[in-house]
Amino acid sequence: MQKELAGQVIVRPLAGPVRTVAGADCGLCAGGTKIRAAAVLCDAESMVVLATAKVEMPCRFPYVPGLLSFREAPAVIAAVEKLPARPDLLMCDAQGLAHPRGFGLASHVGWWLNLPTIGAAKSRLCGLHGSLGRRKGDRADLMLDDKCIGAVLRTRDNVKPMFISAGHLVSLDDAIEWTLKCCRGVRMPQPTRIADKIVKEP
DNA sequence: GCGACAG
DNA sequence: ATCTTGTCGC
């Protein structure tokens with residue numbers, strides 16, 4: 001299914017203006033029997049939080065590397081749809097095209113919602129890359145089968161780099177640019193960072 | 001057969 | 001993802 005849907009993913013520069021950026025993240029609750037997702041809508045210019053949404057549902061799929069979307073996408077999609085408005089861009093705490101079959105969670109969610117999405121993961125799923133400088137903005141191409149599938153990006157000085165890739169309806173360059181724009185002095189993009197915080201509160 | 005492996 | 005103790009840097 002992923003191999004087939006990967007052919008429907010569109011990678012190109014953002015088509016319209018980005019006035020709002022949303023971030024989504026998941027966490028477990030109820031002793032690991034339920035999955036909780038939070039979506040945070042922010043003003044793209046100031047990163048001020050405009051709205052938040054939270055949902056909970058039973059876990060219906062185990063965590064299997066490469067199949068994360070079958071576990072988290074339903075919750076992420078529900079949370080984003082619960083926001084008062086559709087964002088112009090959505091940041092996901094997972095891979096987009098930087099996936100063995102080119103269809104990570106960010107691509108899956110973007111494809112389903114027909115929304116521009118970016119994959120900004122804290123660690124690597126697949127691909128190889130060379131070393132990169134340790135200053136904010138330093139990067140290296142993430143390669144798989146002789147193709148560039150994403151970038152390893154230092155989002156602030158001296159921190160572990162993040163793995164950025166296009167999810168859907170964005171280019172890798174736009175993904176990198178918006179990731180840096182959303183970071184504002186912290187390692188994780190603000191919208192995703194706040195969603196992560198919400199998901200963890202009791 | 002062994003190691004790697006988003007969250 | 002979650003849990004856990006100590007350490008490092010601003």
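No value in this document is a laboratory result; all are computed from the given coordinates. Here the structure is a predicted model, which means the values were calculated and not measured. Glycine gets a Cβ as well: all are built from the backbone with ideal geometry, and neighbour counts include every protein chain shown.
Tabulated data for the structure shown
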{"quantity": "Value of Rg to Rh for chain A (Rh from inverse mean 1/r over Cα pairs, i.e. Kirkwood)", "calculated": "0.94"}
{"quantity": "Cleavage-rule hits (GluC sites (Glu not before Pro)) in region A:42-129: DSSP loop, at most 16 neighbouring Cβ within 10 angstrom", "calculated": "A:Glu45"}
{"quantity": "CD proxy at 222 nm, helix term only [per DSSP H run n ≥ 4: -39500 (n - 2.57); per residue of chain A; nearest 500]", "calculated": "-7500 deg cm²/dmol"}
{"quantity": "Range of Cα positions in region A:117-202 per principal axis (Å), largest first", "calculated": "44, 28, 22"}
{"quantity": "Volume per residue that the Cα convex hull of region A:118-167 spans, once the total is divided by residue count, Å³", "calculated": "66"}
{"quantity": "Compactness of region A:23-129 - radius of gyration and Dmax, Cα, Å", "calculated": "13.6, 40"}
{"quantity": "Reach of A:Lys147 by Cα under 27 Å, taken over lysines that are not fewer than 8 positions away in the same chain", "calculated": "A:Lys3, A:Lys122, A:Lys136, A:Lys160, A:Lys181"}
{"quantity": "Region A:1-81 - Rg (one decimal) and Dmax (whole number), Cα, Å", "calculated": "15.1, 42"}
{"quantity": "Net charge contributed by nearby residues that have their C-beta within less than 14 Å of A:Ala6 (K/R +1, D/E -1)", "calculated": "+1"}
{"quantity": "Chain A: most fluctuating residue of A:Leu115, A:Leu153, A:Leu28 per GNM, C-alpha cutoff 10 Å", "calculated": "A:Leu28"}
{"quantity": "Estimated dipole of region A:1-143 in Debye, rounded to 20 [Cβ of Lys and Arg +1, of Asp and Glu -1, Cα centre]", "calculated": "280"}
{"quantity": "Longest site-free stretch - chain A; sites: trypsin sites (Lys or Arg not before Pro), DSSP loop, at most 10 other Cβ within 10 Å", "calculated": "A:61-134"}
{"quantity": "Residues of type aspartates and glutamates that A:Lys34 reaches as a straight line, Cα spacing below 13 Å, ignoring anything fewer than 8 places off in the same chain", "calculated": "A:Glu56, A:Glu72"}
{"quantity": "Chymotrypsin sites (Phe, Trp or Tyr not before Pro) within region A:36-119: DSSP coil, no more than 13 neighbouring Cβ in 10 Å", "calculated": "A:Tyr63"}
{"quantity": "Distance between modelled label sites at A:Ile10 and A:Ala85, nm, 7 Å Cα→Cβ extension", "calculated": "2.2"}
